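**Student:** Sharing a structure, written as structure tokens. Questions coming.
The values are calculated or read from the model by the stated rules, or taken from the named source; none is laboratory data. These numbers come from a predicted model, not from an experiment. With ideal geometry, Cβ positions are generated from the backbone for all residues, glycine too; neighbour counts draw on all protein chains shown.
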């Protein structure tokens, strides 16, 4: 479990491909990671499989690659990082599972006053979870939904701190981002679906 509050920006050092296996080695400031620990890399929860000075390695399985853009990572790419939430930590963002729902595409970017407004076209199953002023995670960053310009488009407002503390300042039209819908919305959707189905045996 994560909060969507990015604590570091790392750099992909190497990308290793062996058959179906994809291993990323990421440089980070975390100096006490342990093998088996979970780290969100651009919002995708991955398990540390090896540690090295100033970095760690993760394996990205086929199913994860199918719903993220991690398969296109190249050495030098900058990624948002967050360690798993510890009991007693402050919850500064919202509950983020690190289970990326899909990849969205930036369709508009504009500066307005002291914020940068970014419109992202999201998958349909994420769009139905979105409400104005609700929460969404883009590349692992907890953000508030500023508006919904279209049924499948989510607008977020990036404050200066978010732009400097994460990789989201790079976003331009056509960029692809990891999207995770609000966990509470998923449960509500599931409960509504269950309520509309007839009881077993009817």
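**Student:** Report, by residue number, each residue of the range 96-109 that is under 18 Å from residue 166 (Cα atoms), touching a helix residue (DSSP H, G or I) at 6+ places or on another chain (Cβ under 8 Å) and at pLDDT below 95.
**Tutor:** Of everything in the range 96-109, just one residue is under 18 Å from residue 166 (Cα atoms), touching a helix residue (DSSP H, G or I) at 6+ places or on another chain (Cβ under 8 Å) and at pLDDT below 95, namely 96.
**Student:** Out of the residues in the range 71-95 that are under 16 Å from residue 138 (Cα atoms) and modelled with pLDDT under 95, state the one that is surrounded by the fewest Cβ atoms within 10 Å (Cβ to Cβ).
**Tutor:** 92
**Student:** Return the residue satisfying two criteria in turn: it lies in the range 1-18 and is in a loop (DSSP other than H, G, I, E, B) and surrounded by fewer than 18 Cβ atoms within 10 Å (Cβ to Cβ), and of such residues it is modelled with the highest pLDDT.
**Tutor:** Filtering first and then ranking leaves 7.
**Student:** Being surrounded by 21 or more Cβ atoms within 10 Å (Cβ to Cβ) and part of a helix (DSSP H, G or I) is the filter here, so list the residues in the range 19-70 that pass it.
**Tutor:** 70
**Student:** Given the options 121, 78, 67, name the one that is in contact with a helix residue (DSSP H, G or I) (Cβ under 9 Å, 6 or more places away or on another chain) and outside the structural domain of residue 154 (by TED's automatic domain parsing).
**Tutor:** Details: 121 fails: outside the structural domain of residue 154 (by TED's automatic domain parsing); 67 fails: in contact with a helix residue (DSSP H, G or I) (Cβ under 9 Å, 6 or more places away or on another chain).
None of the others qualify; the one that does is 78.
**Student:** List pairs: first residue in the range 177-189 and farther than 22 Å from residue 65 by Cβ, second residue surrounded by 24 or more Cβ atoms within 10 Å (Cβ to Cβ) and at pLDDT below 85 anywhere in the structure, Cβ distance under 6 angstrom, at least six positions apart or on different chains.
**Tutor:** Between residues of the range 177-189 that are farther than 22 Å from residue 65 by Cβ and residues that are surrounded by 24 or more Cβ atoms within 10 Å (Cβ to Cβ) and at pLDDT below 85, there is no close pair.
**Student:** Just the residues that are over 18 Å from residue 176 (Cα atoms), touching a strand residue (DSSP E or B) at 6+ places or on another chain (Cβ under 8 Å) and part of a loop (DSSP other than H, G, I, E, B), please, taken from the range 74-92. Working first, answer last.
**Tutor:** Keep residues of the range 74-92 that are over 18 Å from residue 176 (Cα atoms), which gives 82-92.
Narrowing the set further to residues that are touching a strand residue (DSSP E or B) at 6+ places or on another chain (Cβ under 8 Å) leaves 82-85, 92.
84, 85, 92, listed by residue number.
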